[in-house]
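All remarks here apply to the structure that follows.
Values quoted throughout were computed directly from the atomic coordinates according to the rules given, and no laboratory measurement underlies them. Small disclaimer: the values here were computed from a predicted structure and weren't measured. Every residue, glycine as well, gets a Cβ built from its backbone with ideal geometry; the counts of neighbours run over all protein chains shown.
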Amino acid sequence: MSLSLILRLAWRDIRSGEMGLMLVALLVAVGTVTSISLFVDRLQTALVQESSNFLAADRQISSGEVIPQAFTLAAQERGLDVAQTLVFPSMVFAGETNQLVSVKAVDQGYPLRGKLIVGDVPFARGVPTNEVPEPGTVWLDSRLFPAMGVQAGDVIEVGLAELKVARVLVAEPDRGGSFFDLGPRLMMNLVDVPATEVVQPGSRLSYRLLLAGAEENLEGLKEQLNLTPSYKWVSIRESSPRIGRALDRAESFLLLGGLLGVLLAGVAVGLSAHRYAQRHFDHVGVLKTLGATPKQILYGFLSLLLLVGGIAIILGLAAGGLLHIIIVEALANLISVELPSPTARPFLLGTTTGLICATAFAMPAFIHLKDITPMRVIRRDLGQSPASRWVSYGAGAAGSLVLLVWYTNDLLLTFWTLAGIVGVCLVFGVLANVLLRSGRVVGMQAKSGWRLALAGLQRRRSENTAQILIFGLAIMLLLVLVLIRTALISEWRSQIPENAANHFVMNIAADEVDGVRGLVEKRATQGDFLYPMIRGRVTGVNDIAAKQWQDSLQREPGGSRLTSERNLTWVVDAPESNAIVEGQWWVEGALEPEVSLEADYARSWGLSLGDQLQFDIGGQQVEAKITSIRTLEWESMSPNFFIIFSPGALQDFPATYMTSFFLQRSDKRFLNELLTAYPTITVIEIDALIAQIQEIVAQVSQAVELVLGLVLISGCLVLVASIQASRDSRMSEHGLIRALGGSRKLIGSSLAAEFLLLGTFAGIVAVVGAELTVGVLQSQVFNLSASLHPWIWLLGPVAGALIIATVGLLGSRSLVDTPPMLVLRGLN
Amino acid sequence: MSRTVVSVEAVEKVVPTAAGSLVILDGIDLEIKQGETVAIVGASGSGKTTLLGILAGLDEASAGRVMLVDEEISSLDEEARAKVRGQHVGFVFQSFQLLGSLTALENVMLPVELRGDTLAQSQAAQLLAKVGLADRVEHYPRQLSGGEQQRVAIARAFASAPTVLFADEPTGNLDTQTGELICDLLFDLNREFGTTLIMVTHDSRLAQRCSRTIAIAAGQIQA
């Protein structure tokens, strides 16, 4: 066929609406993918940037040793921004008072991500600044002002250096990183450190090289440096597992959403292409009698598909871009992060999706047109061979697989989603067919709408089975998305419950416990119970010196040490967020000292149940037997201990205590009161960290809602395509009934009943399929606990019936309105 | 002596059914000369339409030899048969079989376009004028009456100047008066183009206008 003929046929088909649905389905596929990926891409980048604030950088290299200059030079050569910090504990003096503080010395570039918040008055809201303390000055935590009795302008001593108090440090982006980065903060300039002379060999020092820049340069640097264990490469996922996991799950969800959107759109493309092909059987028959060869037919229709696909892709990309802009504008008030510029990737993704959809879902139907026998012009009953239909399904399935794997890059997610879909199709295909087969009636039963509908459902059993599955699948995919979304968001929210403790109090002396507790109970909401805290170190394992035990494990040098001093505690009952995985928790009143270890800690030091551990606590030797191994919920906002003793073992040692409480931001002045009354205690504020996590959760939730909305559009399109696909056979049947005297009301009520029944069946299929798929996805992919959702058991079938009846009746209006004469003459 | 344009030897058509093989055509031998007008008649289910499909190369015989304008089409695949149809064959069908998305003119142009001929438009317009539809060239099939649609179909059939014209119940969907007019048109053009006309019909008056009648019963030619 000549190009001009193809163009003319394509134009006619588009204009007459024959190609319309396929064009729209392809357009929606491309548009959905483009807009979802545009938005998700930009939001993800924004979220990563936002969460980078927790590191004050994109990556960090941390070490107890000085970071070599070569690292900095290598980073700068790759165009990365760099900054350095040094954190160490030190006593500072202001006149007669002294206080243990955590000093952070920073250079001019700090922080690379996020902002420092400073103020002029303690315990007040501050303002963001781009500066760092000037040489010769320090910024202090609010609570240091009452604790040391100083004011701005006073001079304090840090080691041998005298530094002027300049401002109040309200917040720093990477403060939340280390839980045991104890003591109130004193921030100073890095150039003043040598003058203090406190940095000596053996000091507890934490050097950090902060890095920020393009992802590939960061990864390139990591590869180039090939760090020894003395230097730790830190990214957000490692430093803050809470946020890391939230981001991972969000990413999986958004991918799942995109994936389901593509699948649904693919089904819509397949259905509409199939219908188009079916309506062109005669057309091809005629062309063949006129001498068109199978090759010409193939070439002609594939060119036509390419043309329509091209138009759909261009329009889809434009629509996707536009939709994304509208969404960003609409959410501008909700999304506080500044979105970075879009990349070309989403457009590439949209184009490829369009091509794959056209190839896998539409092309088989077009290819089979070449096999239509020209005898069809005389014998209209000759159609497509059943074998070729299976080829179409196979191509569709293969296309789905390629799209899923390519789009999610996650075999597990793809496997479970596909397994759910295939399982549901098999089981319910058989079930629907059996249901429709039962009670087969003779004739059309054209007396009442309901009976006509039932008879119609049974007569077109195989088409209706397919339609139930398609409707069911569309509703199921939407339900899966709704359920997973609900589970994810509530899981995120439950991680940080309202009024979760956002302040920790440490270093409470035994005689201060009642007083602190009294004050906290009066002014704030008490969180955890009081933990005694005792510093101690492991000195031996099974009477082998700890150093020797550690050496026998042949670990690389420079990592953490078994002999490091740690916080020990003793409790009667196991803390709530701990789960015993080996051994048993001690019984009350046991005399022998027992110890419970955290699972990773025990594994990394080769310790197991029954081993005897020797400790040095304040110069005294204590021995205890390992009787249980625990896992911790690092995500819970409660104090976690690697080593917990049974009550009898440490009761006689002097301990300080720690507790936690929830405090509203507006009640922050309470800290002043608490610290004035008990100047030696240490308060750690994590309310800013919690607020930041909540902000991220809120943003991710919005993205999740958006994806759901877009997939909903694809789902509706599938419904319309499926109803369109069955329109032709319904049309001829109903035209005949009307010609024989059936009223419009009869046809209308029959259609309504048919769609209601189909929708109810589809709803049942969807509910069961969704429960199964969600159960597996929750446990296998999202690591959430699986549960049933009784509310969808009624909602699914009812919503299915209503939606399908509405869409079906709207799409079939012409069935009722077209004069029967036109229907019978085949001119509809 | 005119040459033979269609010849059939021992043609059989057997189709498998659930109840076993069904013989539709059973040992058909036939020869048709250039310029002949032949009516194939018979009761419903006698196999006449199947025979027409095999003669025209639309369908394949289960056994036997079929020659169409010097080509042994029974040994050709669909690709090659389509080329033979495009070069030598025209069709007129009971249900007109116009493409609804093309105008009358475009429908007539179609066979010539399929051959890659560029003079299609003027030829097509002339043919439409010949069948009395000069003022309906831009109309779509749905805007035309049954008789008019069949006239477009006849114009299309002659557009490629075929050697053989096959017609399947060409007046079957038309009233008597329109049927007569269509019949006149078909025979007039046939004479003018010197085409061989082979038609399947139930209409005895139409059959009588043909130079030869072949009667089929139970898949065999009746003497």
Amide H neighbours of A:Y231 under 5 Å, at least 5 residues apart or on other chains, H built in the peptide plane: list them. none
Calculate one ³J(HN,Hα) per residue across the stretch A:130-145 by plugging θ = phi - 60° into the Karplus curve 6.51 cos²θ - 1.76 cosθ + 1.60, and present them in order as whole Hz with x for glycine and proline. 9, 9, 10, x, 6, x, x, 10, 10, 10, 10, 4, 3, 5, 6, 4
Other chains near B:78-85: what is the mean number of their Cβ atoms within 10 Å of each residue's Cβ? 5
The set of residues whose placed amide H lies less than 5 Å from the amide H of B:V5, leaving out same-chain residues fewer than 5 positions away, is B:I32, B:K33, B:Q34
Over the protein assembly as shown, what is the percentage of antiparallel beta bridges among all DSSP beta bridges, to the nearest 5? 75
The lysines whose Cα lies under 21 Å from the Cα of A:K547, excluding any fewer than 8 residues away in the same chain, are A:K625
Reachable lysines, given that their alpha-carbon falls under 27 Å from the alpha-carbon of A:K522 and they are not under 8 places away in the same chain: A:K668
Pull up the cross-link candidates among the aspartates and glutamates for B:K48, meaning alpha carbon to alpha carbon under 14 Å and not fewer than 8 places away within one chain. B:E12, B:D26, B:D29, B:D59, B:D168, B:E169, B:D203
Send over the semi-axes of the stretch A:59-239's equivalent ellipsoid, whole angstrom and largest first, taken as the square roots of 5 times the C-alpha gyration tensor eigenvalues. 30, 18, 14
For B:I214, distant residues with modelled amide H under 5 Å away: B:A39, B:I40, B:V41
What share of the DSSP beta bridges in the stretch A:59-200 is antiparallel, in percent to the nearest 5? 70
My understanding is that a pair violates if its Cα-Cα distance is over 23 Å; which of A:K370/B:K83; A:K295/B:K130; A:K370/B:K33; A:K288/B:K13 do that in this structure? A:K295/B:K130; A:K370/B:K33
Rounded to 5, the percent of DSSP beta bridges in the stretch A:503-685 classed as antiparallel: 85
What is the projected area of the convex hull of the Cα atoms of the protein assembly as shown, averaged over all directions, in nm²? 55.5
Average beta carbon contacts from partner chains per residue of B:54-61, 10 Å cutoff: 3
